[in-house]
Amino acid sequence: MDHLTLPLGVETAAVKPGEAYVSDTPVLREHRGTQPDLYLCWNTIPLAAAAIDVVVFLHGFSQESGNMVLSEKVGRSGLDLSGRARPTLALLPRGNWIRHYYYDFPALLGGGLDRLVVYGLEVFTAARSADAKGAAETLVLDRLILATHSGGGMPAVDALAGAERAPDELYVFDGLYGRDPSLGDPLEGIETVDRWLADRFAAEPGRPGALRVVYFERQTGEFTRAVGERIKRRIAAADPALVPELARRYKIEISGVLHGRIAQRCLPELLARSDTEFDWRS
């Protein structure tokens, strides 16, 4: 992809915060829907930076069906990096329109999440190298954050199952609907979350992680409560000295805002601090 697709603003020693929409993303070629199919945004990235964090956000369903434009989901995603101190690139891929208002993310299965992250880093690195003298020639991934809302929740679990590089932080906004009971176990995938939790807790406290699930009981309660039970078990087995900190970064909680506003309300605060406490009165 031509680096001119990304409109970078370069200061003396850093790329300024910005955003861009790009079309015909190779990783997303099998997804049906409108173009552009990938949104990127970034905060201040020092030219000398050789590693940055990446956020991937998976959107939910759309009443616009196959005519959904990606900006609809960007506006509700909460991908606001203004409170984040670490240099970060965020990616919001357009899902695959199935039928009616349903979307999924088959391109991110079986390592597709890894390929999307690599692609995003390559595109940004190429643009930075072309537009900024003295910039590091390569950018590698430091921390990976996976966030999702509504109908993107279970696809995120499935993408997690096949990812070579698992996220350090996972944020789910009323998206753990579980599986159709008529097709099998409604809790299929809980083992994926549990394995990921085991790896994350094994890395604590040297490389801290987070799992925050904000939900409503009516539709996503069963799977979310199952996740909560796994979290409790891991925390109970942890070093007692770490428990207060872990309990702030790994938790489930009922939303204090409407379903459609959860990501927009919560994600900016989580990107600033994974242990944030939401004040639902504001």
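Taken together, the values in this text are just the output of simple stated rules run on the coordinates, not laboratory data. Keep in mind it's a predicted model, so treat the numbers as computed, not measured. Reconstructed Cβ throughout: ideal geometry from the backbone, glycine too, with neighbour counts over all protein chains shown.
Show the residues, 5+ positions off or on another chain, whose built amide H is closer than 5 Å to the amide H of G162. HN-HN under 5 Å from G162: G110, G111.
Applying the Karplus relation 6.51 cos²θ - 1.76 cosθ + 1.60 with θ = phi - 60° to segment 244-257 yields 3J(HN,Hα) values of x, 5, 4, 5, 7, 9, 10, 6, 10, 7, 6, 6, x, 10 Hz, where x marks Gly and Pro.
Here the 3J(HN,Hα) profile of segment 19-28, calculated from phi with Karplus coefficients 6.51, -1.76 and 1.60 at θ = phi - 60°, is 7, 7, 10, 10, 10, 6, 5, x, 5, 9 Hz, Gly and Pro shown as x. Across segment 71-84, computed HN-Hα scalar couplings (Karplus, 6.51 cos²θ - 1.76 cosθ + 1.60, θ = phi - 60°) run 4, 4, 7, 4, x, 9, 7, x, 6, 10, 9, 5, x, 9 Hz from first to last residue, x flagging Gly and Pro.
Summary value for the chain: 18 percent relative contact order, contacts being C-alpha pairs under 8 angstrom separated by 6+ residues.
Once backbone amide H atoms are built at 1.01 Å from N, V10 has K16 as its partners under 5 Å, excluding neighbours fewer than 5 places away on the same chain.
In a DSSP loop and with at most 11 other Cβ atoms within 10 Å, there are no trypsin sites (Lys or Arg not before Pro) in segment 188-232.
For K232, the lysines whose Cα comes closer than 21 Å to its Cα, not counting residues fewer than 8 places off in the same chain, are K251.
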